[in-house]
Structures are given as C-alpha cells and as structure tokens.
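Asks: Let me give you the structure first, and then I'll get to my questions.
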C-alpha cells in the first residue's frame, strides 16, 4: 500500500471490477486513454478481470486509487518493467469525474514515482500522453516529467515524457 495525504494506492481486487468496467465502457474516458470502448458484457469482463488478478504479469504492478475514506476513484500502474535497461512505463486514470481538476492525478503520480525510485533499482520512468491532452501533460510536468519525443500509434499522436532517478533525487533535497 502506498499512501499520501489524499490518496491510497492499494492492490486491485475483484471489488474494483464494476468501477473499472464502467470506466472502460465510458466513451470519454476511452478517448482520454486512446483505447476502444469496451463492448462485451460485464460477466465476460469479470471473468477476464478475475483471471488477471489470479495470474498477474510479472513486469506489471497495478494499483487501485482510493481516497482515505475508501472511495475507489481510479487506477494507476507501472508496467513494461525492463530491469536490464532500468526503466518502466507509468499509467494513470482518474475515472471518477468528481475527482478531476483537484490535484488527485498529480498526487497519485508523485506518490507512484516516489515508490518506484525508493523501492526499485529502476533509473527511468517514461509515459505517453495524447498530444492534445494538455491537462495530463501539465500534471506530469508538475511531477518532474519532461517531453522526450513523439510517436504515432493506431491513428493517435502521443507526446513521450520521462523522468530520471537523478533528477528526482535532486528534487528530494
């Protein structure tokens, strides 16, 4: 469990499945995630979700984002962990719109970055965000990420951003 003043990052459970399904079937959230809207029934989603929880990927750490009161507001993860290159990719989604534009995303990203650099040997965290998603880019910049490139995939244009351990350490003093 990872905590800060307004959020708790905890292991995901099947109790999170309904929220996650609602968020993944929401067209606006799918657009922000550059993902297709899920169209299959909840029963199939829950079966796949449960299987993934029982057999997680080794190079993937997923967390539910809760408020201290226990409200599930989103998800975050670090994945594609490459121990040889010393890097990982970060992702976040605040699904509950009541928590948008209130600094929760920044708090989550900073807490997850802190966790990664304190408890792993990884030296670089990178991510991709849609080129038009200024709100996400601003959040990542506030957490120390800097643009490092561009890419296009499946018709989407992304800005690539990164944060190195050395820069993060300088900000800790």
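Asks: Taking residue 29 as the residue in question, decide whether it is surrounded by 11 or more Cβ atoms within 10 Å (Cβ to Cβ), part of a helix (DSSP H, G or I) and under 14 Å from the mean Cα position of the chain (by Cα). Outline the logic, then answer.
Replies: Working: surrounded by 11 or more Cβ atoms within 10 Å (Cβ to Cβ): yes; part of a helix (DSSP H, G or I): yes; under 14 Å from the mean Cα position of the chain (by Cα): yes.
The answer is yes for residue 29.
Asks: Related question: So which of 93, 161, 151 is without any contact (Cβ under 8 Å) to a residue 24 or more places away in the chain and in contact with a strand residue (DSSP E or B) (Cβ under 9 Å, 6 or more places away or on another chain)? Reasoning before the result, please.
Replies: Numbers: 93 fails: without any contact (Cβ under 8 Å) to a residue 24 or more places away in the chain; 161 fails: without any contact (Cβ under 8 Å) to a residue 24 or more places away in the chain.
After ruling out the rest, the residue left standing is 151.
Asks: Select, from 5, 43, 77, the only residue that is exposed (fewer than 11 other Cβ atoms within 10 Å of the Cβ) and closer than 20 Å to residue 111 by Cα. Break it down into steps so the answer makes sense when it comes.
Replies: Values: 43 fails: closer than 20 Å to residue 111 by Cα; 77 fails: exposed (fewer than 11 other Cβ atoms within 10 Å of the Cβ).
Among 5, 43, 77, only 5 is exposed (fewer than 11 other Cβ atoms within 10 Å of the Cβ) and closer than 20 Å to residue 111 by Cα.
Asks: Going through segment 125-148 one residue at a time, which ones are assigned to a strand (DSSP E or B), free of Cβ contacts under 8 Å to residues at least 40 places away in the same chain and under 17 Å from residue 77 (Cβ atoms)?
Replies: 126, 127, 128, 129
Asks: If you don't mind, another one. Does segment 101-110 contain any residue that is in contact with a helix residue (DSSP H, G or I) (Cβ under 8 Å, 6 or more places away or on another chain), loosely packed, with under 14 Cβ neighbours inside 10 Å and within 24 Å of residue 6 (Cβ to Cβ)?
Replies: Checked against the condition, which is being in contact with a helix residue (DSSP H, G or I) (Cβ under 8 Å, 6 or more places away or on another chain), loosely packed, with under 14 Cβ neighbours inside 10 Å and within 24 Å of residue 6 (Cβ to Cβ), segment 101-110 yields at least one hit.
Asks: Return the pairs, sorted by first residue and then second, in which the second residue is modelled with pLDDT under 95 and surrounded by 11 or more Cβ atoms within 10 Å (Cβ to Cβ), the first residue lies in segment 44-67 and is closer than 30 Å to residue 103 by Cα, the beta carbons are less than 6 Å apart, and the residues are 6+ apart or on different chains.
Replies: none
Asks: Which is surrounded by fewer than 17 Cβ atoms within 10 Å (Cβ to Cβ), over 17 Å from residue 90 (Cβ atoms), touching a strand residue (DSSP E or B) at 6+ places or on another chain (Cβ under 7 Å) and at pLDDT 95 or above, of 13, 67? First the steps, then the outcome.
Replies: On the way: 13 fails: touching a strand residue (DSSP E or B) at 6+ places or on another chain (Cβ under 7 Å).
Sole residue among the options that is surrounded by fewer than 17 Cβ atoms within 10 Å (Cβ to Cβ), over 17 Å from residue 90 (Cβ atoms), touching a strand residue (DSSP E or B) at 6+ places or on another chain (Cβ under 7 Å) and at pLDDT 95 or above: 67.
Asks: For segment 73-85, state whether one or more residues are in a helix (DSSP H, G or I) and within 21 Å of residue 128 (Cβ to Cβ). Give the derivation first.
Replies: Start the filter on segment 73-85 by keeping residues that are in a helix (DSSP H, G or I), which leaves none.
Checking segment 73-85: not a single residue is in a helix (DSSP H, G or I) and within 21 Å of residue 128 (Cβ to Cβ).
Asks: Could you please tell me which pairs satisfy a Cβ distance under 7 Å, a separation of 6+ or placement on different chains, a first residue in segment 21-36 that is free of Cβ contacts under 8 Å to residues at least 40 places away in the same chain, and a second residue that is part of a helix (DSSP H, G or I) and surrounded by fewer than 16 Cβ atoms within 10 Å (Cβ to Cβ)?
Replies: 21/42; 24/30; 36/30
Asks: Take residue 122 and decide whether it is under 18 Å from the mean Cα position of the chain (by Cα), surrounded by 13 or more Cβ atoms within 10 Å (Cβ to Cβ) and assigned to a loop (DSSP other than H, G, I, E, B).
Replies: Working: under 18 Å from the mean Cα position of the chain (by Cα): yes; surrounded by 13 or more Cβ atoms within 10 Å (Cβ to Cβ): yes; assigned to a loop (DSSP other than H, G, I, E, B): yes.
For residue 122, the condition - under 18 Å from the mean Cα position of the chain (by Cα), surrounded by 13 or more Cβ atoms within 10 Å (Cβ to Cβ) and assigned to a loop (DSSP other than H, G, I, E, B) - is met.
Asks: Out of 38, 53, 46, 32, report the one residue that is more than 24 Å from residue 136 (Cα to Cα) and at pLDDT below 95. Full working, then the answer.
Replies: Values: 38 fails: more than 24 Å from residue 136 (Cα to Cα); 46 fails: at pLDDT below 95; 32 fails: more than 24 Å from residue 136 (Cα to Cα).
Criteria check complete, one pass: 53.
The values are calculated or read from the model by the stated rules, or taken from the named source; none is laboratory data. Owing to the predicted nature of the structure, the values given are computational and were not obtained by experimental measurement. Cβ sites come from the backbone with ideal geometry, for glycine too, and all protein chains shown count toward neighbours.
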